[in-house]
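Derivation of every value follows stated rules applied to the coordinates shown; laboratory data play no part. Please read these numbers as outputs of a predicted model, since none were measured by experiment. Methodologically, a virtual Cβ is constructed for each residue, glycine included, from the backbone with ideal geometry; neighbour enumeration extends over all protein chains shown.
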Amino acid sequence: MLLVVRIVVAPDSFKGSLSADRAAQAIAAGIVRAVAGAEPVLRPVADGGEGTVAAALRAGYASREARVTGPDGRSVAAALAVGGTTAVLELATAAGLGLLDRPAPLTATTRGVGDLVRHALDLGAQRIVLGIGGSATTDGGAGMLQALGLRLLDARGADVPPGGAGLAQLDRIDPAGLDPRLAGVEFVVASDVDNPLTGPSGAAHVFGPQKGASADEVRALDAALSRYAAVLARDLGADVAASPGAGGAGGTAAGALAVGARLVSGAGLVCDLVGLSDVLAGAALVVTGEGSLDEQTLHGKAPAEVARRARAAGVPCLALAGRVALGSNALAAAGFAAAHALTEVEPDVDRCLAEAAPLLTTLTESVLGAGGYLSLTVQT
C-alpha cells in the first residue's frame, strides 16, 4: 500500500523572479512528479515585509481591500488579510516604492499605512500585524500618525507637509485626536532590520539612497528625522530615536513605536502566522528557499527560520535557491540538510531569472527523484 508522504513547502520569494507563493507552487509541482504519494502542504513565508499578506492568505486568512492614500497622495487599492480578530497589513501595498512613477524621497508619505490601520480597526481587529518592507518613504511614519489622528504642527499651528522633508518644520505634536481604539489593540510591527532612526546607520543614510535621495537630501532627511524624534520624545514621551529597528521602512517603525506598537522578528512572526510549527508535526521533509542563499540568509531571513523550526521538530530541511553561496558547514550549522541551486539544471543565469518557475520545478524533481536527495516513496 502506498502511504501519503507529507512535505511542507515553505519558501520565501525569489527576488526579481518569483513571489513566495509562486515559488511554493513550482516546488510542489516538482514534488508531485518525483515522489509517489506526496502531499505537499504549501506555507510560503516572508521576512515580514513584502509577501506577508500573501503568506497569511495562503494559510487561510480572508482577503480584504481598502482604498488608501498612496505615497504620492493618489488613491491606491491596498490589500490586507483577516483571520479571526487578527488583521495582517503590508506597508508596501500602501506606501511601497513600486507605487511611484518616479522616486520622491523628500515628499513620499506613509499616510496610506495609517489608513490601512484604521480600516483594520473598522473591521474589529484586536491584533494588527504590520509588515514594513519595500517602502518608498523616509517620513518616520509621520503620515501614518497623521492618518491615525495625531496633528503634526509647525510654529504657525499648521499641519506640516507630507514626507520626511516636511518634518524639518515640525514644532509640536497634538495627540488629542489620536484614534482611541489603538489603546485597546495589540499592534505588532514585523521587521528584519535593526537600524536606529537617525545617524550614520539610520533610516536616511542607509535606506534613503535606495529611494532616490541624493547625498544632500540624505543629510536633510536625517536632520528632519532628528527633529521629529526630539518632538516625539517631548510631546508623546516616546523616546524612540535609538531603539534598534526604529529606522525600518524609512522610520515607519519609529512612528509605530510612538503609539504603542512593538517590533518583532519578521520571519518568526510570519512563520507563526502561517502555523508552520503545527504543519511540521509529522512531516517527512520541509523544502524552503529564496533567490540567494548566502550570509544574509543566516541573519534573520525566512529560510533560516524555517530551518531552525524544522530542526526543532526533527524534520529534515532542504533548501532550493537561485544561487547557493554557503558552504556545507554553514548550511549544517543553520539546520539545512542540503542546498541546491537553479544553476545545477540551467547554467545560464539569465535563463534562471527569466524561467525561474519551470526550472525550480525541474530542480525539485531532480533532487527528490531517483538518485537525488532522498527517496520518499513509502510502501508497506
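Note that region 314-327 has calculated 3J(HN,Hα) couplings of x, 10, x, 10, 9, 10, 10, 8, x, 9, 10, 10, 10, x Hz, one per residue in order, obtained from phi through the Karplus relation 6.51 cos²θ - 1.76 cosθ + 1.60 (θ = phi - 60°); glycine and proline are x. Taking the inverse of the mean reciprocal distance over all distinct Cα pairs, the Kirkwood hydrodynamic radius of region 1-77 comes to 14.3 Å. Convex hull volume of the C-alpha atoms in the chain, normalised per residue: 136 Å³.
Within the listed set Val306, Val231, Val129, the residue fluctuating most in the Gaussian network model of the chain (springs between alpha-carbon atoms under 10 angstrom) is Val231.
Rounding to the nearest 20 debye, state how big the charge dipole of region 214-262 is about its Cα centre with +1 on each Lys and Arg Cβ and -1 on each Asp and Glu Cβ.
Dipole size: approximately 140 debye.
Dipole of the chain computed with +1 at Lys/Arg Cβ and -1 at Asp/Glu Cβ about the Cα centre; of Ala10, Val218, Gly60, farthest Cα towards the positive end is Gly60.
One Cα centroid belongs to region 138-191, the other to region 249-315; the line between them spans 30 Å. In this structure the amide hydrogen of Glu39, modeled in the peptide plane, comes within under 5 Å of the amide hydrogens of Val5, Arg6, Ile7, none closer than 5 places in sequence on its chain.
Scalar couplings 3J(HN,Hα) for region 125-138, obtained by applying the Karplus form with A = 6.51, B = -1.76, C = 1.60 to θ = phi - 60°, are 4, 9, 9, 10, 10, 10, x, 10, x, x, 6, 9, 10, 9 Hz; x denotes Gly and Pro.
The distance between label points at Asp239 and Ser63 comes to 4.6 nm (points 7 Å beyond Cα on the Cα→Cβ vector).
The slack between Arg172 and Ser75, meaning 0.36 nm per residue of separation minus the straight C-alpha distance, is 32.1 nm.
Note on the chain: GNM, Cα springs under 10 Å; of His119, His205, His299, the largest mean-square fluctuation is that of His299. Here the Karplus curve 6.51 cos²θ - 1.76 cosθ + 1.60, taken at θ = phi - 60°, turns the phi angles of region 191-205 into couplings of 9, 10, 10, 10, 5, x, 5, 10, x, x, 10, x, 4, 6, 5 Hz, with x standing for Gly and Pro.
Protection proxy ranking, highest mean first, for peptides 213-219, 6-12, 78-84: 6-12, 78-84, 213-219, where packing is the per-residue count of other beta-carbon atoms within 10 Å, averaged.
Centroid-to-centroid, using Cα positions, region 65-105 and region 340-358 are 32 Å apart. Suppose R0 equals 45 Å; then what is the FRET efficiency for Ala312 and Asp350 from their Cβ-Cβ distance, rounded to the nearest 0.05? Calculated value: 0.70.
The slack in the chain from Ala333 to Ala215, taken as 0.36 nm per residue of separation less the alpha-carbon distance, amounts to 38.5 nm. Between Arg156 and Leu298, the distance separating the two model label sites (each 7 Å from Cα on the Cα→Cβ line) works out to 5.6 nm. Among Asp348, Asp222, Asp192, the largest mean-square fluctuation in a Gaussian network model of the chain, built with springs joining Cα atoms closer than 10 Å, belongs to Asp348.
In this simple spin-label approximation, Arg102 and Gln126 carry label points 7 Å from Cα along the Cα→Cβ vector, and these lie 4.9 nm apart. Helix 356-368 and the longest principal axis of the C-alpha atoms of the chain enclose an angle of approximately 40°. The charge dipole of the chain, taken about its Cα centre with unit charges on the Cβ of Lys, Arg, Asp and Glu (plus for the first two, minus for the last two), comes to roughly 540 debye.
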